[in-house]
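A.B. asks: One structure, as structure tokens, below. Some questions next.
The values are calculated or read from the model by the stated rules, or taken from the named source; none is laboratory data. A quick note: this is a predicted structure, and the numbers were derived from the prediction, not measured.
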Amino acid sequence: MTRTITVGLDGSAESRAAAEWAAREAELRARPVRLVQVWEPVPEPMAQAPVLGAETHQHWTERVLRESAGELKQRHPGVEVTAEQLTGRPAEALVRAAEDAELLVLGSRGLSGIGGFLVGSVGLAVVAATKRPVVLVRAGKRTAGKDGKEPAGTPGASSGPVLLGLDTRTPDPAPVEFAFEAAASRGVPLRVLHGWNEPYYYPYGMSPDPQVTEMLAQSDADALTEVLQPWRRKHPGVEVVTDSRSGSPSLLLIDASHEASLVVVGRRVRRSSVGAHIGPVAHAVLHHAAAPVAVVAHD
């Protein structure tokens, strides 16, 4: 069975932007798009209210789904688009829908006055629970123009590099392969960014030793080059730019995201006593990156 690019649709501008991004991604990957809308049945007392009748609510959501699918087919006639309404709790239904998908795409609301995403509880729950790659997209000129295409010259548009955040201490193949394939399909460079911390004694008032700092920087740069060698050989057509520097990985990625077309971060699959865990870097990037963010789960 052909895997789909699956989109969680709720009728908002953010979810429509996610559907548009998914259609362009489907063109690159030669995959069909599956729009899913989750209808959560209205509790019985509320369902009796005239304005919130369950049938009215369901009919409205079905209409949004049909109209969105029709608009997407018009703008992307070469992409197969299907639509399906699911029933249940949104996060749980979306996680199930992602099981057979190549990737799941969700919308996120932009923060007023503070560039970035506002990832709601459903989005965070889905990212934490699914083992499939999840892409978060927000509405706005960074995503698409009125004609459904990104305006030329827009920062972070399709001509921008794919940005990969990589920890050289515990590199996993899944996010690296995802990032290389994304760069290859777009025909853009891949920028691999690794952040490393200054020696622990610097914050205690000791002046940085330039020789020590240079040695640490060279060591991390060499480690980054070594980690990427297998993928460079596998994807010789991808231009790779490595960037190893001192600083917080999340802050470095957020800053670099302004010039990227896509940011790729990994998420280790692990559970704690309080449930699934996203990780501090992925969590920060999801909330504040200026470009779509792909979170790739790995062991």
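A.B. asks: For the condition modelled with pLDDT under 90, β-branched (Val, Ile, Thr) and assigned by TED's automatic domain parsing to the domain that holds Arg31, what is the one hit in Val79, Val51?
C.D. replies: After applying the criteria, what remains is Val51.
A.B. asks: I would also like to ask the following. Give segment 164-222 a look and list any residue that's at pLDDT below 90 and on the phi > 0 side of the Ramachandran plot, or say none.
C.D. replies: Gly205
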